[in-house]
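A.B. asks: Below is one structure. I have some questions about it.
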Amino acid sequence: MKKTIRAPHGVLASEEEADIFQLENDKGSILRLSSYGARWVGLTTADRNGKLEDVVVGPDSLEDFEHHDAFFGCAVGRYANRIAEGSFQLDGKTFSLAKNLNALVHLHGGNKGFDKYVWKAELLEAEGKSGVLFTHFSPDGDEGYPGNLHASVEYWLTEQDEVIISYAAQTDQATHVNLTNHAYFNLCGGLKRNVLDHQLQLFADQFTETDDQLVPTGGLASVAGTPLDFRNSKSLGQDIEADDRLIRIGNGYDHNFVINPSHSRLAPVAIVQESESGRRMEVFSSQPGVQLYTANWFDGSNISKEGHPIQQRYAFCLECQHFPDSPNHPQFPTTLLEPGHNYAHTSVYAFSLME
């Protein structure tokens, strides 16, 4: 591994300073991270011809992340995804959160989630990999959540072109926690074309049923016979315009899939392949769910680091997470974190070339 470079990323409107980090392995792959939102800014990796290009979609400047953001690459918290009606009950008390999505639903931690803070950062080194540890303190009552929460996100780049993201949290009061990363990918590299020809396989037989606000009803449904069936690899574009309620309510894919159980701590989640570049991405996680999102609402107003307008369907996300609205559905895997216990999850994004 080459030496990690730490440099100023810029100054926020609050006059806080953020740093940017560049990690490089001996293959020439470069992982770029920002302390603003513990954010994954870029990943430069080779195509089948050895050409190095960035496969993480989004802007580059701190100003763009602050003022024109769509959760590009950030750590999402305290609770990733949706909570119905912005509230949950815990120990007989109702906790009210911001309804920051259509004035109906709590989304991605509220008005000022973890993505809008500068995290403390520490460089990490280990055999065959380099990393950055980001830490953040969220006080009791932050965005309506109970408990003083200490959170951390640890990124590693390995010599095998793996990006490993590990999350941890501790609290002094019972609270709900659901952390993820919101990186947008386009394996073409350089944002040359949309992602509809990307081939996706999901290791998920079920998804969480939702209402028309994409909030879970509490039920699980089979993907069989629906546009959400990615058990066998198919293109993202094959069914993305299907005349089906599941597609209409999200204007494309914006669904939480139930990852099939695995004997391994890190279960297989997904395989994505892009034939022209030859790039392949495999995802593994200890989380029970993954949100597939296909950049359904981009309209070109966000500009990529390459200077291109980011259009609809020019990126996709695979956000490994607990299920949306779990605090209101006790039958879901619990997101409850209690004092004396550790929240700990890991996701791996492994990059290689198609055979």
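A.B. asks: Karplus couplings for segment 53-64 from phi (6.51 cos²θ - 1.76 cosθ + 1.60, θ = phi - 60°), rounded to Hz, Gly and Pro as x?
C.D. replies: Values per residue, Gly and Pro as x: 9, 7, 9, 9, 8, x, x, 10, 7, 4, 4, 5 Hz.
A.B. asks: Hey, could you pull the Cα Rg and Dmax for the chain, both in Å?
C.D. replies: Cα radius of gyration and Dmax of the chain are 19.1, 60 Å respectively.
A.B. asks: If amide hydrogens are placed 1.01 Å from N in the peptide plane, which non-local residues have theirs closer than 5 Å to the one on N178?
C.D. replies: For N178, whose amide H was placed from the backbone, the distant partners under 5 Å are Y79, A80.
A.B. asks: Moving on. For segment 100-242, go through all pairs of different Cα atoms, get the mean of 1/r, take its inverse, and jot down that Kirkwood value in Å. It would help to have the intermediate numbers written out before the result.
C.D. replies: On the way: mean 1/r = 0.0533 Å⁻¹.
By the Kirkwood definition, the hydrodynamic radius is 18.8 Å.
A.B. asks: Order of M1, M281 from fewest to most other C-beta atoms within 10 Å?
C.D. replies: M1, M281
A.B. asks: Follow-up question, since we're still on this one. Would you tally the net charge around F351, using a Cβ to Cβ cut-off of less than 15 Å, leaving F351 out, and scoring K and R as +1, D and E as -1?
C.D. replies: Its environment carries a net charge of -4.
A.B. asks: Still on this structure, I have one more. Determine the calculated [θ] at 222 nm for the chain from helices alone, applying -39500 (n - 2.57) to every DSSP H run no shorter than 4 residues and normalising by the residue count; nearest 500 deg cm²/dmol.
C.D. replies: Taking each H run of at least 4 residues, the total per residue is -500 deg cm²/dmol.
A.B. asks: Given a Förster distance of 51 angstrom, what is the FRET efficiency for E85 paired with E122, based on the Cβ-Cβ distance and rounded to 0.05?
C.D. replies: Numbers: r = 38 Å, r/R0 = 0.75.
For E85 and E122, the calculated efficiency is 0.85.
A.B. asks: Additional query: Along the Cα-to-Cβ line of N148, 7 Å from the Cα, sits a label point; which residues in segment 338-355 have backbone N less than 18 Å from it?
C.D. replies: Within reach of a label on N148, which here means backbone N under 18 Å from a point 7 Å along Cα→Cβ, segment 338-355 contributes 338-343.
A.B. asks: Number of Lys pairs in segment 5-353 with C-alpha atoms less than 18 angstrom apart, excluding same-chain neighbours closer than eight positions?
C.D. replies: 8
A.B. asks: Going 7 Å from the Cα of S222 in the Cα-to-Cβ direction, what parts of segment 186-210 have a backbone nitrogen less than 13 Å from that spot?
C.D. replies: 205-207
A.B. asks: Same structure, new question: Each residue of segment 11-17 in turn: what ³J(HN,Hα) in whole Hz from Karplus with 6.51, -1.76, 1.60 and θ = phi - 60°, glycine and Pro shown as x?
C.D. replies: Values per residue, Gly and Pro as x: 10, 6, 4, 6, 6, 6, 9 Hz.
A.B. asks: Would you grab the residues whose amide H sits under 5 Å from the one on G86? Only those 5+ places off in sequence or on another chain, please, with H modelled 1.01 Å from N.
C.D. replies: Amide H neighbours of G86: H106.
A.B. asks: Which length gain, in nm to one decimal place, applies between R265 and L196 when the Cα-Cα distance is subtracted from 0.36 nm times their residue separation? Don't jump to the answer; show the numbers that get you there.
C.D. replies: Details: separation 69, 0.36 × 69 = 24.84 nm, distance 3.11 nm.
Taking 0.36 nm per residue and subtracting the Cα distance, the gain is 21.7 nm.
A.B. asks: Right, here's the next one. Take the Cα atoms of segment 82-161, build their convex hull, and give its volume per residue in Å³.
C.D. replies: 128 Å³
A.B. asks: Simple spin-label model, 7 Å along Cα-to-Cβ: T334 to K3 in nm?
C.D. replies: 4.8 nm
A.B. asks: Can you give the three extents of the C-alpha atoms in segment 188-240 along their principal axes, from longest to shortest, in whole Å?
C.D. replies: The Cα atoms of segment 188-240 stretch 39, 25, 16 Å along the principal axes, largest first.
A.B. asks: Can you give the local net charge around D172? Use residues other than it whose beta-carbon is closer than 11 angstrom to its beta-carbon, Lys and Arg +1, Asp and Glu -1.
C.D. replies: Numbers: positive: none; negative: D140, E338.
Net charge in that neighbourhood comes out at -2.
A.B. asks: Oh, and also: Starting from the exponent 0.38 and prefactor 2.2 Å, build the expected Rg for segment 7-70 from its residue count and divide its actual Cα Rg by it.
C.D. replies: This ratio for segment 7-70 stands at 1.23.
A.B. asks: If amide hydrogens are placed 1.01 Å from N in the peptide plane, which non-local residues have theirs closer than 5 Å to the one on Q173?
C.D. replies: Residues meeting the criterion, in which the H sits 1.01 Å from N, are N148.
A.B. asks: Right, another one. Once the other residues with Cβ under 13 Å from the Cβ of G219 are scored (Lys, Arg +1; Asp, Glu -1), what is the net sum?
C.D. replies: Here the count lands on -3.
Taken together, the values in this text are just the output of simple stated rules run on the coordinates, not laboratory data. Worth saying up front: this structure is predicted, and the values here are computed from it rather than measured. Cβ atoms come from the backbone with ideal geometry, glycine included; neighbour counts cover every protein chain shown.
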